[in-house]
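Enquirer: Here's a structure for you.
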Amino acid sequence: MVLWLSLTSLFLVTLLSDWLRAVRSRDFTLKDIIKLHPSATPFPGSFKCFTCEDAEDNYSCNRWAPDQYCPKDTRFCYTRHQMTAGGESVSVTKRCVARDECASAGCVEQEGHMVCVSCCEGNICNLPVPWNHTMAIFSPKSLLNRESSVCPGCSASICVFVTIFTLF
């Protein structure tokens, strides 16, 4: 019995030592680091925007928007909201854009629909959609990051909460 235990132990130690030699360490690539740590930014100053193409409404767009960083050549979050004459959403498009694509900010009437475009700067700043001329603007800073005149003197978290509710 002792002989079998000794042989079994020797066999296991041999297998384990062979396995350890087969395992080799390697350096992590940038791709490995981003995959292991998704919060790590791919480049300095990177940001995210909600992104969707012709979603039926803002909820659908934000709910299914992929969580990806914007390309390095972009700086703003773009939102295009198309509505019926009665104010019901027809489609919502959101994406990362360069400054020149923000020149179309504002509202126009096209083929019986109102189309409002807004651009903002900041991480996921395009949460709300523009419903009118007041909201269809080019904002170099996010409405959520700016101090709100609705609640002067409030803490930052309360101001964000109040600002979101005043946007809807």
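Enquirer: List the residue pairs whose Cβ atoms are under 9 Å apart, where the first residue sits in region 127-147 and is over 13 Å from Arg80 (Cα atoms), the second is modelled with pLDDT under 70 and in a loop (DSSP other than H, G, I, E, B), and the two are 6 or more positions apart or on different chains.
Expert: Correct list of pairs: Ser139/Arg146; Glu147/Cys154.
Enquirer: To continue, here is another question. So for region 1-16 (the condition being more than 23 Å from the chain's Cα centre (by Cα), modelled with pLDDT under 80, over 30 Å from Cys120 (Cβ atoms) and assigned to a loop (DSSP other than H, G, I, E, B)), does at least one residue qualify?
Expert: Checked region 1-16: at least one residue is more than 23 Å from the chain's Cα centre (by Cα), modelled with pLDDT under 80, over 30 Å from Cys120 (Cβ atoms) and assigned to a loop (DSSP other than H, G, I, E, B).
Enquirer: For region 73-168, give me every one of the strands (runs of 3 or more DSSP E) that falls completely inside it and has 3 or more residues that are at pLDDT 90 or above, touching a strand residue (DSSP E or B) at 6+ places or on another chain (Cβ under 9 Å) and among the polar types (S, T, N, Q).
Expert: In region 73-168, the matching strands (runs of 3 or more DSSP E) lie at 89-97.
The values are calculated or read from the model by the stated rules, or taken from the named source; none is laboratory data. Values in this document were obtained by computation on a predicted structure and should not be read as measured data. Don't worry about glycine lacking a Cβ; one is built from the backbone with ideal geometry, like all the others, and counts go over all protein chains shown.
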